[in-house]
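Here is the structure we will look at, set down as structure tokens.
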Amino acid sequence: MPKYLLENESTDRLLFRRLRQSDFNDWLPFYYDSRSTQFWEGLPTDPMEACQIQFDRIFERYENDLGGMNALIQKQSGKLVGICGLLVQEVDELHELEIGYSVLPEFWLQGFAFEAAQKCKEFAFQNHFSDSLISIIHVDNIPSQKVALKNGMFLEKTTTYKDNPVHIFRVNKG
């Protein structure tokens, strides 16, 4: 199992597991809702293509031990509600461990992103993966910024990442 995956971890409402190719159609609605990607420049406009690129990158991360997104399965319904995970990233020439999260639009504003991000933070610190974690969030993505702040992160700096203006939020091991 890749080092940073939360496979078989859980929260009150969520089960974490490795994303599967069979999750593709369940994740596709994320790309059909323009609000999901409105802040990120450089993504393909075709939802199928954008989703495939993301899946390819997730599986590439698994193979290269660079962390990766976990499928977030709602315990009550068994439905995929989002993806979240610990990702090895390079930001401003520094290697960092990021908490990344995305939730399907039908599950927005229900606390799933925070619940999953908080679990990732606890898991990373309990396993001594890093003394600090970041989240890379587009400067206009206020909902994701609120999740980072609620997760105990602070705005460290603003920079450019993959040709997008982003805030780097950080939390240090307590």
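The values are calculated or read from the model by the stated rules, or taken from the named source; none is laboratory data. None of these values were measured; they are calculated from a predicted model. So basically every Cβ, Gly included, is an ideal-geometry build from the backbone, and we count neighbours across all protein chains shown. Side chains are part of the model used for accessible areas, which takes the heavy atoms of the whole protein and leaves out ligands, DNA and RNA. Shrake-Rupley method; radii C 1.70, N 1.55, O 1.52, S 1.80 Å.
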request  = Quick one: work out the % antiparallel among DSSP beta bridges in the chain, nearest 5.
outcome  = 95
inquiry  = I'd like to know which of 8, 145, 88 lies farthest towards the positive end of the charge dipole of the chain, counting +1 on Cβ of Lys and Arg and -1 on Cβ of Asp and Glu.
reply    = 8
task = Check every DSSP H run in the chain and write down those whose alpha carbon atoms cover 18 angstrom or more along the long axis and whose mean Kyte-Doolittle hydropathy is -0.5 or greater.
result = 112-126
inquiry  = In Å², and per residue, what accessible area does the chain have when probed at 1.4 Å with the other protein chains present?
reply    = 51
remark   = Heavy-atom accessible area of region 1-99 with neighbours in place, 1.4 angstrom probe: carbon+sulfur share in percent works out to 45
Total lysine pairs under 28 Å (Cα atoms) in region 68-174, excluding pairs fewer than 8 apart on one chain = 25
